[in-house]
Amino acid sequence: MKKAENDDSETSRLLDAQNGSRHVQLETDSVPDVVTYGSVTDEHTEEVANNTETSTEEEGFSLRRASKRQILSFVSIALLNFSGFCYYSVIAPFFPNEAIKRGVSQTVVGFIFGCFAVVNFFANLVFGKYITAIGSRFLLTSGVFVAGSCSVLFGLLEYTEGTTFMVFCFTIRSIEALGVAGFQTAGTAILTHAFPNKVATVMGSLEIFTGLGLMAGPPIGGVLYDLGGFKTPFITMGLLLLCCCVFVTVLIPPQPDEQEGKTDMPLLVFFKLPGFLIACGLAVVVACMLDYMDPVLQPYLIKEFNTSPVHIGLLFLLWAAVYAVLAPGWGWLADKKKCVPVMVTLGMLVAAVGTLLLGPSPLLTDYLHILPRKLWVNIIALVVIAASCGALITPIVNMMLWAASDAGMENNFALYGVVSGVMNAFFSIGDLLGPLASSALADRFGFPWSSTAFGGLVLFYMLITMAFYIYDGCLTPTRDRRVVSTDGERQTLLA
C-alpha cells in the first residue's frame, strides 16, 4: 500500500513539475494565446494555464469593461463606417441623371458603378493576404486618405463633358475602390483582433453606424446637390473622409502586426475548406439580395404605384432603420456557434419570403391569388428583408474563423487580414452581380419576376447550406472521438 501511495505521489509531483514548466513556457516564450471565436467553448479549451483565456460569457461586449485599445479601435472604425457608408449612398439620388446629361449612356453608367466592385474585389484579396507586410494601421489611414481625395476629385468632374467625363469617372472610381478596400480590410482585421471572443457582436454593433450612414447619405446628398450642384456632395463627403483620416491616425493604437512582422498566408488553402466556401457563398448571396433592388425598385414603385421620390426615400430610411436596430442582437446570437446553423438557415428562409413579397411575386398574385399588388405589401417586404439581413451578415466572419481554426490554422493577425479581405471581396462580387442581373431580368420580365428570381436564389443557397451543416454535423462526432483518443494517449504516456 505504501509503495502504491509513494508511486502516486511521485506521479503527482512529475505532473505538477510538467505543468509548471508548461506555465513558464507560456509566460516566457512567444506562444500565441489561446483564442476562441464567439462564445463557443468546449471541454478542451475551458482550462488554460494561468487563466490566459477568460470565459466569454463573463467578458461580453461592453465599452465600459473594454480596454483603452479596444475602445479606440471600435470608435475609430465606427466613425469610418458611418462616413464611408454615408459617402457610398450619397451618390444615388443624382449621379445617374447627371452622367446622362453629360453624354454618358445608361449602360456606361452601370459599368462606372461596376468597375468599383471589380477593382474592390481584387484589392481586398491582395490587401488581406499582405496586410502584415503593409501594416494594418498604415493600410487603414492611407485607404481613407485615398478614398477622400478621390471623392474631392470626383466633384471636380462637374467641369468636364462627354468622353473626358467618362474616362475620368472610370479612373477615379477605380482608384477610389483601392482606398475603400484598404480601410475595409484593415478595419475588420483590427476589430477582429481587438475583440476575438465577440467578433459577431462587435460587427453587429458596428452595423448601427452602417445603417445610420445609409440613412443619412441620400438626404444629405439631395440637400447638398440642391445647394451647390454636382460638385458639392462629393467635395463635402471627401473633406469629411479626410477629417476622419486625421482622427483615425491619432486615435487608432499601434497594432500587433507591427511586432509580428511579415507572415505569409496562402489564399488557396482557405478555399479548400468547405466551411470557408459556404461563408464566401453566403457573402455573395446576401450582397446580391441587398443590391439587386437599387437600379430597379425605384422605377417600379413610381410606375406601378405612382410613389413620390420623397416616399421612396422614406422607404429606404425605414429599411436602414430596421436593419440598424436589429443587427446588434443578431451579432450577439452569431457569437454562439451552436446557434449559427439554425440562425443562418432561418434567416435565409425569412429573406426569401421577403424577396417574394417584394413586387409582389406573380406566383403569389397571379397564380396562387394570395396577395394583392399593393404598396403596403412592398413596405412589409422591405421590413422583412431588413430584419433578416443581420442574421446573414453578422456570422460570416465567425464562420470563416471557425473553419480556419478547425483546420488547425494559427490565430494571428495574418489570419484576420485574410478573412477580412476575402469577406469584403466576395461582398464585392454580389455588389456587382446583383444590380446587373436584376436590371437584365427587369428589362425582360419585369421587376416582380426579377425579385422572384432572387428569392429563388436565396432558397437554393439555403438548401446548400442546410446540406453542409447536416454533413458537418455527421463529421463532428468523429472529430470529437479523435480528440478524445489523442487526449487518452497523452494521459497514458504521462502515467
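The values are calculated or read from the model by the stated rules, or taken from the named source; none is laboratory data. Please read all numbers here as calculations on a predicted model, not as lab measurements. FYI the Cβ positions are ideal-geometry reconstructions off the backbone, even for glycines, and counts take in every protein chain you see. Only protein heavy atoms, including side chains, enter the accessible area calculation; ligands, DNA and RNA are left aside. Shrake-Rupley method; radii C 1.70, N 1.55, O 1.52, S 1.80 Å.
What's the total number of residues in the stretch 81-110 that are open to solvent by 10 Å² or more (accessible area, probe 1.4 Å) and assigned to a helix (DSSP H, G or I)?
Adding up the residues that qualify gives 16.
Got a sec? Which of Val144, Val108 is under 11 Å from Gly182 (Cα atoms) and in contact (Cβ under 8 Å) with a residue 24 or more places away in the chain? Reasoning before the result, please.
Details: Val108 fails: under 11 Å from Gly182 (Cα atoms).
Of the residues listed, the single one that is under 11 Å from Gly182 (Cα atoms) and in contact (Cβ under 8 Å) with a residue 24 or more places away in the chain is Val144.
Applying the selection to the stretch 288-341, what residues are touching a residue at least 24 places away in the same chain (Cβ under 8 Å) and assigned to a loop (DSSP other than H, G, I, E, B)?
If the condition is that a residue be touching a residue at least 24 places away in the same chain (Cβ under 8 Å) and assigned to a loop (DSSP other than H, G, I, E, B), then Tyr292, Met293, Asp294, Pro295, Val296, Thr307, Asp335, Lys336 are the ones that fit.
Restricting attention to the stretch 270-281, and to residues there that are out of contact with any Phe, Trp or Tyr (no Cβ under 7 Å at 6 or more places or on another chain) and touching a residue at least 40 places away in the same chain (Cβ under 8 Å), which single residue is nearest to Met400 (Cα to Cα)?
Of all residues in the stretch 270-281, those out of contact with any Phe, Trp or Tyr (no Cβ under 7 Å at 6 or more places or on another chain) come to 271-273, 279.
Still in the list and also touching a residue at least 40 places away in the same chain (Cβ under 8 Å): 273, 279.
Details: Leu273: 9, Ala279: 6 Å.
Once the filter is applied, the top-ranked residue is Ala279.
Scan the stretch 186-195 and tell me whether some residue there is under 26 Å from the mean Cα position of the chain (by Cα) and over 30 Å from Ser73 (Cβ atoms).
Filtering the stretch 186-195 for residues under 26 Å from the mean Cα position of the chain (by Cα) gives 186-195.
Next, from what is left, pick out any that are over 30 Å from Ser73 (Cβ atoms): none.
Among the residues of the stretch 186-195, not one is under 26 Å from the mean Cα position of the chain (by Cα) and over 30 Å from Ser73 (Cβ atoms), which makes the answer no.
From the list Asn412, Asn378, pick out the single residue that is within 22 Å of Pro362 (Cα to Cα) and either in contact (Cβ under 8 Å) with a residue 24 or more places away in the chain or of a type in the set (Ser, Thr, Tyr) (or both). Walk me through how you get there before you give the answer.
Working: Asn412 fails: within 22 Å of Pro362 (Cα to Cα).
That would be Asn378, the only listed residue that is within 22 Å of Pro362 (Cα to Cα) and either in contact (Cβ under 8 Å) with a residue 24 or more places away in the chain or of a type in the set (Ser, Thr, Tyr) (or both).
Does Leu346 qualify as being surrounded by fewer than 16 Cβ atoms within 10 Å (Cβ to Cβ) and modelled with pLDDT of 90 or more? Can you show your working first?
Numbers: surrounded by fewer than 16 Cβ atoms within 10 Å (Cβ to Cβ): yes; modelled with pLDDT of 90 or more: yes.
Here the answer is yes, as Leu346 does meet what is asked.
Any idea which residue in the stretch 412-434 is most open to solvent (accessible area, probe 1.4 Å), counting only those that are farther than 14 Å from Phe122 by Cβ and among the polar types (S, T, N, Q)? Break it down into steps so the answer makes sense when it comes.
Just the residues of the stretch 412-434 that are farther than 14 Å from Phe122 by Cβ, to begin with: 412-420, 423, 430, 433-434.
Now restrict to residues that are among the polar types (S, T, N, Q): 412, 420.
Details: Asn412: 18, Ser420: 0 Å².
Ranking the candidates gives Asn412 first.
Across the stretch 202-232, what is the total count of residues that are open to solvent by 20 Å² or more (accessible area, probe 1.4 Å), under 30 Å from Leu191 (Cβ atoms) and among the β-branched types (Val, Ile, Thr)?
2
Assuming Pro196 fulfils every condition listed in (1) open to solvent by 10 Å² or more (accessible area, probe 1.4 Å); (2) assigned to a helix (DSSP H, G or I) apart from one, which condition is it?
(2)
Which condition does Thr171 not pass, out of (1) surrounded by fewer than 20 Cβ atoms within 10 Å (Cβ to Cβ); (2) in contact (Cβ under 8 Å) with a residue 60 or more places away in the chain, if it passes all the others?
With (1) surrounded by fewer than 20 Cβ atoms within 10 Å (Cβ to Cβ); (2) in contact (Cβ under 8 Å) with a residue 60 or more places away in the chain applied to Thr171, the lone miss is (2).
Out of all the residues in the stretch 233-253, is one or more within 23 Å of Ala177 (Cβ to Cβ), surrounded by fewer than 20 Cβ atoms within 10 Å (Cβ to Cβ) and among the small types (Gly, Ala, Ser)?
Within the stretch 233-253, not a single residue is within 23 Å of Ala177 (Cβ to Cβ), surrounded by fewer than 20 Cβ atoms within 10 Å (Cβ to Cβ) and among the small types (Gly, Ala, Ser).
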